[in-house]
Structure formats: C-alpha cells, structure tokens
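The values are calculated or read from the model by the stated rules, or taken from the named source; none is laboratory data. Keep in mind the model is a prediction, meaning the values are calculated, not measured. For neighbour counting, all protein chains shown are included, and Cβ atoms are generated from backbone atoms with ideal geometry for every residue, glycine included.
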Amino acid sequence: MRRCFAALFALALAASGAFAAAGAPAELAVAIRYLQAEGTSHAHIYLYREDGKLLRQLTKDDSGQDFDPIFAPDGQTIVFRREKKSGAIEFWSIDPLGRAQKQLPAAPEWYTSAEDAPFFTNADLEPDPSPETSPAPTAVPGAAEPPRTYRASDGSVEVVVRRLASDEEDSINGEGTGKHFLIRDLRAGEEKEMGTLPGFVGLWDVIHRKGDMEQVYLFEGELRLVFFSLHLNSTDGDTVFALDLNNSRFLRLSPNWAAPIPLPGEPAFLTFTYNRYVPIPGSKKTANCLYLERWDAKLNKVRYAREGSAAICYGASVYRAGRTPAVIVLKRKAD
C-alpha cells in the first residue's frame, strides 16, 4: 500500500511540473512587478509554461522586491534575490511548485556564476527601460559612408547597409531612411531594396549580437531573421524591426525598443520588450514598462504578464529539460 501511494505521489508531482522530462515544454520563472494606482507595488516570482500559460505565483511576500530568479541546473530549485526596504539583499530558494521557500545564508555558487544570455544589441542605441527623453535623430553628413555587407554563414543570403547621397531621407535616422538597403538571395541570384518589402517603415542600422558586430543573423531551424533599429521621435524613442527572410517582410517587435534573445536549438526567441506610457489600471497615470515575450518561427508572440497590465520584468530564467543549455538566464536589464 505504501508503495502504491508513493507511486501515485510521484505521478502527481510529475504531472504538476515538479519533474520536467526531456522534451517537456520549457518553464520560465519571471520576476514581475505589477504597477498599481495607489500604494507600493511589489515584484514577485511567477512560473509560466513556455506557451504563456501561468502555472502559479511562487512568492507573495511584500517585505521587499523579488528579482533575478534563476533555475538550478537540475530545474528542481529556483533561487532569487529579495531586496528589503532597508536596501539589504537576501537570497531565497523555492521549488517550482511554490513549496520549501527558505532564506539562504548565501547565494549558491551556480547562482553567482550564472552568465546572462547573449542578446542582440546596438552600441549606439542602448535600451532604456524608463526613458523620459530620447536623443535627437542622428544625421550622416552627405550620407557618404561606404556600404557594409553582412553575409550569412551558410552562404544563402547577405544584407547590404547602404545610404545614397542623392536621397535626403537617408541622412537622418527616422522613418523613410534605409529604403536602399539590399537583401540578396545568393542562391537565386536575386536582390531587392528593403524599402519595397511589406512592413517597411525605415531602417537605421543592423543590430548585432553582443560582443560580435559581424554576427547579425538569427538562424535556428525555421527561424531566419535579421534585426534593425530605427529612431521614431522623442515620444516613442527607438524601435526594432525583424526582417523575416522566409517571407521577405518586416515585423516591428515593439512600439518602442525590444532586445532579442536567442533560444539555442529552438526556432524561437525571447525579447525584453519596452513599452512607454502604459496606462496604470484604475488611474490616469502612465508608466514606462518592461515585459518578457516569446516569439515562435511564424513570429507569433506570447507575453509573460497579465493581459492589460502595467508591469516591469525584474529578470527571468528558463528551464529546458534535455536541451543545451538547459538553463537560460535573463537578468533584469539587457544592456
């Protein structure tokens, strides 16, 4: 009888997500601070399934702000920081079922040594989660800079960043610029100006992986993308477009900035997505918010936050059983 109960208990735990099997949907521990009209809002840790389903709220303590959750290498524990009102930092652990929450004397070595996931950035346009102003549009005198060519490692395609001195729009970082950038299909021997593609608004520069200015492509299975930045105006700031090479179209990732984060081995990626002037429910106030989102190979997205909320993501971690790496760390600010 005891063996029977033990087997049933193990099955219940497995079904609830306590033991993630290889090939099971990934889970994300996300620190979210939901902004409220009155009083102090607090960041708590929430557990999501990769498809956007909220599995459970893991922490509820309002004595501080919970941030930077990271899964242990085996996925059975989540460690996070709690910043107290006094400014003191505590380390806590909890399991994915929301049990066994306890304060730790110090952060585990695997937590302190965890490296932030690589992401796409732009040295001239650092993302800002709470911008009040935006820099003036950048001008290129005479638009005379030489073209830059980026060829994909598989030799299938190349992007040419070029500006024409004869086109005045090309000299200013704003809508309409970049229409003369080229996309070349090297296998078919064809090229197009990007201004002719669906979804084109403007392109200022290609965005590269952090630490490697030549790595501008995100190829994972069906996913074939290049990212570009563009300045909009002082209200909306900067934004990011994805060039979908499969369908020769542009998709804007956010009304404002978005930092793409690859998911190695998956035809999908994440973004830290910045939204300015989001209405705070129950008030006339607005706030600059930061969300975590996931995009699949068809560029459909899910957001890891309540619908219609004004919220700030204070870091996240992904556990992917059977994949390499199994744990992906997304620290609070991707800059």
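To keep it simple, each residue is scored yes or no on (1) in the same structural domain as ALA29 (by TED's automatic domain parsing); (2) without any contact (Cβ under 8 Å) to a residue 60 or more places away in the chain; (3) among the β-branched types (Val, Ile, Thr).
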site: ASP66; (1), (2), (3): yes, no, no
site: ILE70; (1), (2), (3): yes, no, yes
site: LEU97; (1), (2), (3): yes, no, no
site: GLN101; (1), (2), (3): yes, yes, no
site: PRO105; (1), (2), (3): yes, yes, no
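Looking at the range 77-88, can you tell me whether even one residue there is in contact with a helix residue (DSSP H, G or I) (Cβ under 8 Å, 6 or more places away or on another chain), assigned by TED's automatic domain parsing to the domain that holds GLY315, part of a loop (DSSP other than H, G, I, E, B) and at pLDDT 95 or above?
To start, the set of residues in the range 77-88 that are in contact with a helix residue (DSSP H, G or I) (Cβ under 8 Å, 6 or more places away or on another chain) comprises 79.
Checking which are assigned by TED's automatic domain parsing to the domain that holds GLY315 leaves us with 79.
Those still in the list that are part of a loop (DSSP other than H, G, I, E, B) too: none.
No, the range 77-88 has no match at all.
Of all strands (runs of 3 or more DSSP E) completely enclosed by the range 225-335, which ones contain at least 1 residues that are over 29 Å from GLU191 (Cβ atoms)?
Values: elements: 237-244, 249-252, 258-262, 269-279, 286-295, 301-303, 311-319, 327-330.
Output list reads 237-244, 258-262, 269-279, 286-295, 301-303, 311-319, 327-330.
So is TYR48 surrounded by 12 or more Cβ atoms within 10 Å (Cβ to Cβ), part of a strand (DSSP E or B) and assigned by TED's automatic domain parsing to the domain that holds THR273 or not?
Details: surrounded by 12 or more Cβ atoms within 10 Å (Cβ to Cβ): yes; part of a strand (DSSP E or B): yes; assigned by TED's automatic domain parsing to the domain that holds THR273: yes.
Against the criterion (surrounded by 12 or more Cβ atoms within 10 Å (Cβ to Cβ), part of a strand (DSSP E or B) and assigned by TED's automatic domain parsing to the domain that holds THR273), TYR48 qualifies.
Sort out which residues of the range 77-88 are within 13 Å of LEU47 (Cα to Cα) and of a type outside the set (A, V, I, L, M, F, W, C), and write them in order of number.
Answer for the range 77-88, where residues must be within 13 Å of LEU47 (Cα to Cα) and of a type outside the set (A, V, I, L, M, F, W, C): just THR77.
Out of all the residues in the range 202-224, which are crowded, with 17+ Cβ neighbours inside 10 Å and assigned to a loop (DSSP other than H, G, I, E, B)?
Selection gives GLY202, LEU203, TRP204, ILE207, LYS210, VAL216.
Which residue is surrounded by the fewest Cβ atoms within 10 Å (Cβ to Cβ), if the candidates are limited to the range 160-201 and must be polar (S, T, N, Q) and assigned to a loop (DSSP other than H, G, I, E, B)? Please lay out each step first, then the result.
Going through the range 160-201, the residues polar (S, T, N, Q) turn out to be 166, 171, 173, 177, 196.
Pick out the ones that are also assigned to a loop (DSSP other than H, G, I, E, B) and you get 166, 173, 177.
Details: SER166: 8, ASN173: 23, THR177: 27.
Only one residue tops the list, namely SER166.
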